[in-house]
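Colleague: My structure is below; once you've seen it, I'll send some questions.
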């Protein structure tokens, strides 16, 4: 059964209050009982010693009349005194404040009910008798019972007040903890903007500050992860963030497919259109291109003006990287057809792109300065893919011989030819993909 902190803390405080009140009350009762008995003993002993001295001569002279008068006077109107009597040497009652008990053998009463005081009376070395005085403990017990009732009443009042205070204190303690629980639920739902109000200057306040600091770090990491995830598939971004020290982050040689897509006649278009229209066009195009590339397990490397560069098979090995690159190019060209159709219906300028893909060995890793790093690839293949893109006409997809050789799936129709590219010494065998054939 789940019991909240508020209830448990309130219950603990109530128990402490009740136990403390009971302990103090019980201690007070015991102290009062002890003090009353001591006072009664002191009074009884002093009274008895005085009477024993007075009774010595009458007892020696067997003056029972005087003794009866003395005992009667002492016992008269005395609620505490139960009996006063004088016995002879054998314990037989000579004088008693209750005359019916004279000439009887004295039996000591139970100590829990009566406190008995006795004093032997001597004449020189001869024992004349014993003076007994019994004082009732009922008055003490009655006083103690009254005190107990008062303590019970006081304990009840303290308990009632304690329940109220404990409830308030429990609420005061549990409320910020409940806020923290709510905060963890909000974070679990992905609401990283949630912060716990810090209204206390104590340990709970420190806990709230620590929670907010933790959420700040989580939010910052999530922002980095989200930003990173815009360029690579989320599952890859997650692995990179979880394993930042992997070899592929430091630099390694890899066989990859490099993909470039470039908008044709963009310079002319940017001169004819308003800047905000050009910016909106590029963002719309890059959004579509990025989604298609990441859907095909590609990594968006960078945006370069009106061009986008992506790489397949980094940071994780993909044996179908050539197929995925070609399929991404075909999907992008087809997507551009619907993209342009919508713009045509809205009487907005349309665009065409050329795509170039080359496959081979590159160096992949983090490049840059201590202030800014970029995960990218370098090598001749990057230059070849860029040159193929420049050579490709609008709506064309050109792939290199190496890319063609790495394909594991059936290609649509294509045309092959040998071309000369700027910056490339030898003629290059290229394949023009006819994606309209599917």
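The values are calculated or read from the model by the stated rules, or taken from the named source; none is laboratory data. Since the model is a prediction, treat every value here as computed from it, not as a measurement. Here the Cβ is made from the backbone with ideal geometry for all residues, glycine too, and neighbour counts use every protein chain on show.
Colleague: Looking at the structure I just gave you, is residue 14 more than 60 Å from the chain's Cα centre (by Cα), assigned by TED's automatic domain parsing to the domain that holds residue 121 and either surrounded by 14 or more Cβ atoms within 10 Å (Cβ to Cβ) or under 30 Å from residue 162 (Cβ atoms) (or both)?
Modeller: On the way: more than 60 Å from the chain's Cα centre (by Cα): no; assigned by TED's automatic domain parsing to the domain that holds residue 121: yes; either surrounded by 14 or more Cβ atoms within 10 Å (Cβ to Cβ) or under 30 Å from residue 162 (Cβ atoms) (or both): yes.
So residue 14 fails the test.
Colleague: Does residue 419 satisfy being touching a helix residue (DSSP H, G or I) at 6+ places or on another chain (Cβ under 7 Å) and under 22 Å from residue 335 (Cα atoms)?
Modeller: Numbers: touching a helix residue (DSSP H, G or I) at 6+ places or on another chain (Cβ under 7 Å): yes; under 22 Å from residue 335 (Cα atoms): no.
It is false that residue 419 is touching a helix residue (DSSP H, G or I) at 6+ places or on another chain (Cβ under 7 Å) and under 22 Å from residue 335 (Cα atoms).
Colleague: Residues in region 247-263: is at least one in a loop (DSSP other than H, G, I, E, B), out of contact with any helix residue (DSSP H, G or I) (no Cβ under 8 Å at 6 or more places or on another chain), within 30 Å of residue 390 (Cβ to Cβ) and modelled with pLDDT of 80 or more? Can you show your working first?
Modeller: Kept after step one, since they are in a loop (DSSP other than H, G, I, E, B), are these residues of region 247-263: 251.
In the following step, the residues that additionally are out of contact with any helix residue (DSSP H, G or I) (no Cβ under 8 Å at 6 or more places or on another chain) were identified as 251.
The next check asks that each one be within 30 Å of residue 390 (Cβ to Cβ); those that pass are 251.
Next cut, modelled with pLDDT of 80 or more only: none.
Taking every residue of region 247-263 in turn, none turns out to be in a loop (DSSP other than H, G, I, E, B), out of contact with any helix residue (DSSP H, G or I) (no Cβ under 8 Å at 6 or more places or on another chain), within 30 Å of residue 390 (Cβ to Cβ) and modelled with pLDDT of 80 or more.
Colleague: Taking the residues in region 287-314 that are in contact with a helix residue (DSSP H, G or I) (Cβ under 8 Å, 6 or more places away or on another chain) and in a helix (DSSP H, G or I) as candidates, determine which candidate is surrounded by the most Cβ atoms within 10 Å (Cβ to Cβ).
Modeller: 293
Colleague: Can you find, within region 315-343, the residue that is farthest from residue 252 (Cα to Cα) among those that are in contact (Cβ under 8 Å) with a residue 60 or more places away in the chain and in a loop (DSSP other than H, G, I, E, B)?
Modeller: Among those that are in contact (Cβ under 8 Å) with a residue 60 or more places away in the chain and in a loop (DSSP other than H, G, I, E, B), it is 320.
Colleague: While we're looking at this one, here's another question. Can you name the number of the only condition in (1) within 16 Å of residue 50 (Cα to Cα); (2) in contact (Cβ under 8 Å) with a residue 60 or more places away in the chain; (3) in contact with a strand residue (DSSP E or B) (Cβ under 6 Å, 6 or more places away or on another chain) that residue 115 fails?
Modeller: (1)
Colleague: Based on this model, can you work out whether residue 38 counts as surrounded by fewer than 18 Cβ atoms within 10 Å (Cβ to Cβ), modelled with pLDDT under 90 and in a helix (DSSP H, G or I)?
Modeller: Details: surrounded by fewer than 18 Cβ atoms within 10 Å (Cβ to Cβ): yes; modelled with pLDDT under 90: yes; in a helix (DSSP H, G or I): yes.
Yes; evaluated as a whole, the condition is true for this residue.
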